[in-house]
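The values are calculated or read from the model by the stated rules, or taken from the named source; none is laboratory data. Keep in mind the model is a prediction, meaning the values are calculated, not measured. Virtual Cβ from ideal backbone geometry, glycine too; neighbours counted across all protein chains shown. The accessibility values were calculated without ligands, DNA or RNA, using every heavy atom of the protein model including side chains. Shrake-Rupley method; radii C 1.70, N 1.55, O 1.52, S 1.80 Å.
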Amino acid sequence: MEKSETELLDGMSDLKPGQQFPDEIFYRIFEIDGNVERTQYIEALKSRARILKRANEFNAILKAFFIDYSQKMKETGNVTNFTGQPAELQCGPWKANDLGITMQKFDGHGLPVCVSACTHPILPVKIFKDVDTGRERVMLAYFKYGQWQSVTVSRKVCADNSAIVDALSDIGIEVTSENAKYLVRYISDCIGMNPAKLEPQKSINRLGWSGREFMPYAEDIVYDGEDAFDVIYKNVKEHGSFAVWKDHCSILRKNKVVRMAFAASFASCLIELVNALPFVFHIWSGDSGTCKTVAIMAAMSIWGNPKMGGLVKTMNTTKVNIMRTSAFLYSLPYAGDELQTMKDKWTTNFDQLIYQITEGIDRGRGRATGGVEETKTWKNSFLFTGEEPITKANSRAGSKNRVIEIEVEEKLLEDGNYTVSVLTEHYGHAGKLLVEYLQNTETKKLQEEYKAYFDAMCKLDTTEKQAMAMSCVLLADRILTEVVFTEEQAFVVDDVKMYLRSAKEVDVAERSYQLVLNWIAKNPIRFQNPNGPDATNKGEVWGKIETDETHPDIPPVAVINKDVLCEFLEKSGFDYAAVSKKWAAKERIIRNSQGKYIHNTKVFGIKANYIKINMETGADPDGFISLDDVEDGQMELPFD
């Protein structure tokens, strides 16, 4: 029969010198729940030990019992005992029940005290290991306000006394600077003592390819993304009827531009497989009502709900948001509507935006708490709409190279409103089918087919990057017609070559040279002698036009004030130092006797530094204005 505390204390008084203290008086200590009762009992035992003049011996044995008890609790220990708990975990020396989590420990005087890790139920239930970074995150389940809830935090938070307060106190978990170190230890003990139940699960915080798996269709990878991207993630899904979606989209795809939008959308998940580069597919029209936005929505319905704010985003956003969203999508296309809403951020052109998104890597950023953020990457396509071209006359070659740009002059769809109603009710079925096709196809075979398209494109008058983007589109269209739209014939190169930019159109040196010719042609009066007999120039003199009357077949030479030329090029978005060397390589700029581009000579009696440019006469094949097409008289000036 179990003895009472009074009987145990009385038994202390009957001990004879040299007789051992009974083990049961120590075991009784661990059976007492309340701190007050436990402390009163221990002090009573110490008082009896002092009467026996064995206080030091008693204290040493008491300490040894606590150490032994703690060790046994770590080996066998307690288990969590929360009502409705998601899992039962070994928790070692911790007593974890509905009243909270506590443990016995010694204070500075060697006395056993009860410490609290948390005043309400809490325990780790899952561990996620990111397949990209290898970092782990812990899902904590906690009971507050009458229900079980959960939060996922990094392992670093669970290992740092300050970080755990910052991360968990805001959501109502009772953790302060006082009990933080005990909560950290409790969580660590639970994880360490339950390796089988808390075996890390593969996780990922983005969409797209991860090896041969593709999120969100992967079965053995758990999604563990940021709350900010939940809207996108939840809209990548299947809904409605695949047959209804396919029938309606088959009608939409009779328009070539809409069909190319479909291909550009699916091409996004081919980019990584064929080692291509991200590219932009831009549909624009100066007129409203052409249904360009609906065309992009139709293309995005391959993957999920294409509603605005779902998989189609407004471009009235920040660069940082675009980069982070791109990194989250990773292999899925980024669809942005009404590009012109960003115009205030790029006053001249969108080159910076194009470069940043098609490089596929975000810039480095520092953390407020120190260190740097993880550098994000992506390998997807970008589908944009707008009321103007995304590239301008002064855009650099790199930006023009990376864009497939299509102007729409007529309505793309018959009934845009009806199409939107169909697409927002039936969507997302094709994405999984297409990904499964890619998973069941050898990557090498896809790369060989892509290379065949690429080689055919390179035989045309275009650039490699243009060929790269269009080859992805053609490969995507071929797979779409094989897997989904089986009644259609796949596009061939001749079907899309009109949308490719010519090498001359992309070449910065060529475009800047033609721009200068146009500029001269529009301002002939600035190249006349102000002191001549028929002088009409009452303003600035920018230079002169030299002609060889004895050899009329030789193109004239424009002698232009260097400062005026550089200012014009700079305002037009070109750099003189960059283009002048390319002009010289094509013999469009005349060197002086020392081989330099600057001529220190006189123009109408004024000596200064001038640039001599060989001028091409006649209509330019790209539609540029020539000198012969301009009547006498001054046209609009580029300067005030």
Legend entry - FRET efficiency estimate (nearest 0.05) - Cβ-Cβ, H239 to A577, R0 60 angstrom: 0.60
Legend entry - Under 5 Å, built H, 5+ apart or other chain: amide partners of R135: D130
Inset, instruction - Relative to the longest principal axis of the C-alpha atoms of the chain, give the angle of the C-alpha long axis of helix 319-329, reported between 0 and 90° and rounded to the nearest 10°. - result: 70 degrees
Legend entry - Nearby lysines by direct alpha-carbon distance to K129 (threshold 20 angstrom, same-chain neighbours under 8 apart not counted): K156, K197, K202, K376
Inset, instruction - For K571, list the lysines whose Cα falls under 23 Å from its own Cα; do not include residues on the same chain fewer than 8 positions away. - result: K343, K345, K392, K400, K504, K522, K544, K562, K581, K582, K612
Legend entry - Whole-Hz couplings from phi, Karplus 6.51/-1.76/1.60, listed for the range 256-265; x for Gly and Pro: 4, 5, 5, 5, 5, 5, 4, 5, 5, 5
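Set the Förster radius R0 to 22 Å, insert the Cβ-Cβ distance between M498 and E388 as r into 1/(1 + (r/R0)^6), and round the FRET efficiency to 0.05.
Details: r = 20 Å, r/R0 = 0.92.
So the FRET efficiency works out to roughly 0.60.
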Inset, instruction - Skip the ligands, DNA and RNA, and give the accessible area per residue of the chain with a 1.4 Å probe, whole Å². - result: 49 Å²
Legend entry - Pairs from K234/K444; K126/K307; K307/K379 whose Cα-Cα separation, in the structure shown, is over 26 Å: K234/K444; K126/K307
Legend entry - Cross-link reach list, aspartates and glutamates versus K607, counting only Cα pairs under 17 Å and skipping chain neighbours closer than eight places: E540, E546, D563
Inset, instruction - Give the carbon-plus-sulfur fraction of the accessible surface of the chain in %, rounded to a whole number; probe 1.4 Å, heavy atoms of protein chains only. - result: 48 percent
Legend entry - Calculated FRET efficiency for the pair E359/A159, C-beta based, R₀ 35 Å, to 0.05: 0.50
Inset, instruction - Ratio to report: Rg/Rh of the chain, with Cα atoms as the point set and Rh obtained by the Kirkwood method; give two decimals. - result: 1.22
Legend entry - Estimated inter-spin distance, Q489 and K105, nm [label 7 Å along Cα→Cβ]: 7.9 nm
Inset, instruction - Determine ³J(HN,Hα), in whole Hz, for all residues of the range 443-454 in sequence, where each value follows from phi through the Karplus function 6.51 cos²θ - 1.76 cosθ + 1.60 and θ = phi - 60°; x replaces Gly and Pro. - result: 4, 4, 5, 5, 5, 5, 5, 4, 5, 5, 4, 4
Legend entry - S150-I590 pseudo-label distance in nm [points 7 Å out on the Cα-to-Cβ vector]: 7.9 nm
Inset, instruction - Taking all pairs of distinct Cα atoms, average 1/r, flip it, and tell me the Kirkwood hydrodynamic radius of the range 192-234 in Å to one decimal place. - result: 11.7 Å
